[in-house]
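Trainee: What follows is a structure written as structure tokens; I'll ask about it next.
No value in this document is a laboratory result; all are computed from the given coordinates. Only a predicted model underlies this, so the values are computations on that prediction, with no experimental measurement involved. Glycine gets a Cβ as well: all are built from the backbone with ideal geometry, and neighbour counts include every protein chain shown.
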Amino acid sequence: MFPAAASAVSCPPVADDPRTDRRGLLRAFAAVGGAVGCGALAVPTVRFLVAPTQGGAGAGRWIRTVPLDSLPEGEPRRVSLVADHRDAWTLEKDVELGAAWLVRRGDGVSAWSTVCPHLGCAVDRASGGPGFYCPCHDSGFDPDGRRLNGPSPRDLDALETRVEDGYVMVEFQRFRQGTPEKEPVA
Ligand code: FES
């Protein structure tokens with residue numbers, strides 16, 4: 001038994017070693033850096049996962065358009081649907097997401113997407129009548145958006161509207177083309 005010899009070679013307390021202090025400091029820096037890095041990655045990841053439910057392009061998003069007073073009674077008026085567009089990584093301000101035909105009837109407003117349900121060309125006003133017309137393949141629609149002729153498989157796609165603070169709000173949405181049913185797409 002040599003208890004005295006064993007105590008003679010014992011090491012000093014770890015905290016007294018300056019190299020150990022430096023290593024601890026480096027470990028702390030690495031931990032903080034890692035946490036910051038993870039946070040930086042987590043923000044866009046969460047944003048990406050959440051974005052579709054926040055009403056991004058095609059998810060039924062309410063957009064303010066023009067004052068109700070500016071719309072003439074019963075006459076179609078084309079308006080751009082402009083809003084901020086956000087994806088997982090970027091935010092673009094004031095992007096034209098689409099357009100709508102608005103028709104005021106008293107205090108209410110009807111709206112239709114300007115995208116033709118056939119193959120997606122832009123629907124215009126009919127030159128020789130009160131309705132709408134798609135020049136790509138000659139689809140005609142009446143003033144209420146109902147299909148009259150041509151290859152469009154359905155009526156114009158109606159959009160929801162409401163008046164808020166004197167402005168016409170339109171629920172922007174995209175729909176599948178070429179199908180008889182009106183199906184929203186993301
Ligand atoms: S895209 Fe409109 S009729 Fe074909």
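Trainee: Go through the range 118-145 and count every residue that is near the ligand (Cβ under 8 Å from one of its atoms) and either surrounded by fewer than 15 Cβ atoms within 10 Å (Cβ to Cβ) or touching a residue at least 24 places away in the same chain (Cβ under 8 Å) (or both).
Mentor: Matching residues across the range 118-145 total 7.
Trainee: Moving on. Could you list, ordered by first residue, the pairs with Cβ atoms under 6 Å in which the first is in the range 66-92 and closer than 18 Å to ASP124 by Cβ and the second is of a type in the set (S, T, N, Q), at least 6 apart or interchain?
Mentor: VAL79/THR65
Trainee: Among the residues that make up the range 95-105, is at least one of them away from the ligand (no atom under 16 Å from the Cβ), in contact with a His (Cβ under 7 Å, 6 or more places away or on another chain), part of a strand (DSSP E or B) and acidic (Asp, Glu)? Give the steps one after another, and end with the answer.
Mentor: So the first thing to find is which residues in the range 95-105 are away from the ligand (no atom under 16 Å from the Cβ), and the list is 95-97, 100, 102-105.
Retained after the next criterion (residues that are in contact with a His (Cβ under 7 Å, 6 or more places away or on another chain)): 95, 97.
Those still in the list that are part of a strand (DSSP E or B) too: 95, 97.
Filter once more, so that each one left must be acidic (Asp, Glu): none.
Within the range 95-105, not a single residue is away from the ligand (no atom under 16 Å from the Cβ), in contact with a His (Cβ under 7 Å, 6 or more places away or on another chain), part of a strand (DSSP E or B) and acidic (Asp, Glu).
Trainee: Criterion first (under 20 Å from the mean Cα position of the chain (by Cα) and over 16 Å from GLN177 (Cα atoms)) does VAL95 satisfy it?
Mentor: Yes: the conditions hold for VAL95.
Trainee: Next up: Quick check on the range 174-186. Is at least one of its residues closer than 20 Å to PRO76 by Cα and of a type in the set (Phe, Trp, Tyr)?
Mentor: no
Trainee: Let me ask another. Answer yes or no as to whether ASP155 is within 15 Å of the ligand (Cβ to nearest atom), assigned to a loop (DSSP other than H, G, I, E, B) and among the acidic types (Asp, Glu).
Mentor: Yes, satisfied.
Trainee: Give the residues of the range 89-103 that are farther than 14 Å from GLY145 by Cα and surrounded by 13 or more Cβ atoms within 10 Å (Cβ to Cβ), sorted by residue number.
Mentor: Hits for the range 89-103 are VAL95, LEU97, GLY98, ALA99.
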